[in-house]
Amino acid sequence: MTNTSNAPQSTSILIVDDTKFSSALIQRMLQSAGFRDIRIADNAIDALDALKQRPAELLLADWLMPGMDGLELTQLVRELNRRQNHFTYVMLLTAKEDDAAMQQAFAQGVDDFIGKTQLKTQLQARVHAGQRLSRLHNSLLERERQLKEQFRVVTRMNRLDAATGLGNAQFIRQQLERGLLQMKGRAGHLGLVLCRLDNLAELEQRYGRALKKEIIRQASQRLKEHSRPLDDIARLGENTLGLLFYGPGDSVASQALIRRLDQAIFTKAYSTSAGFVTLSGCIQLDLVDSRQALPDTADWMLEQAMLRLNDIPADQRQALHLWRGNRSA
């Protein structure tokens with residue numbers, strides 16, 4: 001969680017200097033200003049290890065160090081920050097105080113730099129300013145993370161049917177698109193089962209909305225019971241349930257699924273609060289074989305499947321369609 005307090009005691013600072021006397025001096029100056037969470041590293045490698053273990057809000061590093069200098073360290077810190085979704089305010093300590101050095105430092109991602117001759121007069125004030133900027137930047141990063149999480153939750157909820165907890169039409173459309181992409185260049189088949197529940201309105205009028213919800217939930221559960229763990233199940237509309245499956249090899253065995261679902265959903269009665277009731281309707285199976293031309297888009301396939309489902313007469317219980325590109329047989 002982002003620390004929103006501006007108290008110096010809660011600010012995490014890492015000092016990197018190969019000269020122990022210099023780092024000890026800086027530490028004492030910061031402690032006298034109230035800062036307590038101060039770590040010290042003798043070189044850039046140790047500093048990176050320390051930041052990987054626990055990020056710092058401020059990094060005070062000597063520009064000139066053996067092995068890896070402050071500018072190189074800054075670039076690696078920025079890369080680490082991106083991975084950690086964190087911001088570290090980087091201040092370089094240097095004897096270089098000319099404009100060219102300043103431009104070079106800022107171009108490499110340094111936030112501030114202070115001449116060693118100015119430590120006594122400017123260090124504490126500059127660190128306080130860096131603390132405020134670091135807190136602000138990290139609070140914005142945290143807010144961005146929260147917004148992304150909220151968006152993820154809303155997106156997930158937008159793909160769910162509230163009454164059944166199943167996916168909705170948007171969910172099945174996305175899964176169908178993934179399935180069609182998966183079939184390209186691979187042997188196998190994809191099946192889209194649509195179940196039209198015809199007498200839901202009649203049952204609601206006779207027994208009430210609560211019983212209608214019971215029936216929908218039970219029918220959804222039966223659909224789940226006759227599916228495989230990796231199959232996708234959804235409620236695509238007020239009276240339509242869907243099942244999407246993918247399988248390797250020939251699709252002949254999959255065609256027996258339509259008969260099993262017909263028996264489970266429309267033949268077997270439902271035990272409800274109003275007694276036993278039965279559903280009437282029809283089941284349609286759309287099969288796509290990888291040996292044939294695939295539908296151009298998932299939207300097109302789903303749209304055509306829904307149109308055909310609605311055209312099935314009331315006295316017909318089952319329908320099978322084999323896709324030939326953007327046509328079906």
Might you check whether a residue that is under 36 Å from the mean Cα position of the chain (by Cα), under 24 Å from residue 159 (Cα atoms), surrounded by 13 or more Cβ atoms within 10 Å (Cβ to Cβ) and aliphatic (A, V, I, L, M) occurs anywhere in segment 245-260?
-> no
In the set 179, 191, the lone residue that is over 18 Å from residue 269 (Cβ atoms), not basic (Lys, Arg) and not in a helix (DSSP H, G or I) is 191
Counted residues in segment 13-52 being out of contact with any Lys or Arg (no Cβ under 6 Å at 6 or more places or on another chain) and outside any helix (DSSP H, G or I) come to 17
Collect the residues in segment 279-308 that are of a type in the set (Ser, Thr, Tyr), within 19 Å of residue 226 (Cβ to Cβ) and at pLDDT below 95, keeping them in residue-number order.
-> none
If a residue has to be part of a helix (DSSP H, G or I) and touching a residue at least 60 places away in the same chain (Cβ under 8 Å) to count, how many in segment 288-308 make the cut?
-> 6
Some residue of segment 84-92 being outside any loop (DSSP other than H, G, I, E, B), without any contact (Cβ under 8 Å) to a residue 40 or more places away in the chain and surrounded by fewer than 20 Cβ atoms within 10 Å (Cβ to Cβ) = yes
Could you grab me the full set of residues in segment 117-136 that are touching a residue at least 40 places away in the same chain (Cβ under 8 Å) and either exposed (fewer than 12 other Cβ atoms within 10 Å of the Cβ) or not small (Gly, Ala, Ser) (or both)?
-> 119, 120, 123, 124, 127, 128, 131, 132, 133, 135
Of all residues making up segment 201-214, the number that are assigned to a loop (DSSP other than H, G, I, E, B) and within 35 Å of the chain's Cα centre (by Cα) = 0
Could you tell me whether any residue of segment 189-201 is under 30 Å from residue 293 (Cβ atoms) and modelled with pLDDT under 90?
-> yes
Odd one out for residue 150 among (1) assigned by TED's automatic domain parsing to the domain that holds residue 57; (2) among the polar types (S, T, N, Q); (3) in contact (Cβ under 8 Å) with a residue 40 or more places away in the chain = (3)
Options 222, 235, 228, 217: the member that is among the charged types (D, E, K, R), modelled with pLDDT of 90 or more and outside any helix (DSSP H, G or I) | 235
Single residue of segment 184-198 satisfying the filter (surrounded by fewer than 19 Cβ atoms within 10 Å (Cβ to Cβ) and touching a strand residue (DSSP E or B) at 6+ places or on another chain (Cβ under 7 Å)) that is nearest to residue 246 (Cα to Cα) = 188
Qualifying residues in segment 126-146 (those that are among the basic types (Lys, Arg) and more than 18 Å from residue 13 (Cβ to Cβ)) - the one farthest from the chain's Cα centre (by Cα) | 143
Residue in segment 62-70 that is surrounded by 13 or more Cβ atoms within 10 Å (Cβ to Cβ), at pLDDT 85 or above and assigned to a helix (DSSP H, G or I) present | yes
Checking 150, 170, 118 in turn, the sole residue that is modelled with pLDDT under 80 and in a helix (DSSP H, G or I) turns out to be 150
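The values are calculated or read from the model by the stated rules, or taken from the named source; none is laboratory data. In this text the structure is predicted, and so the values were computed from the model without any measurement. We place every Cβ from the backbone using ideal geometry, glycine too, and count neighbours over all the protein chains shown.
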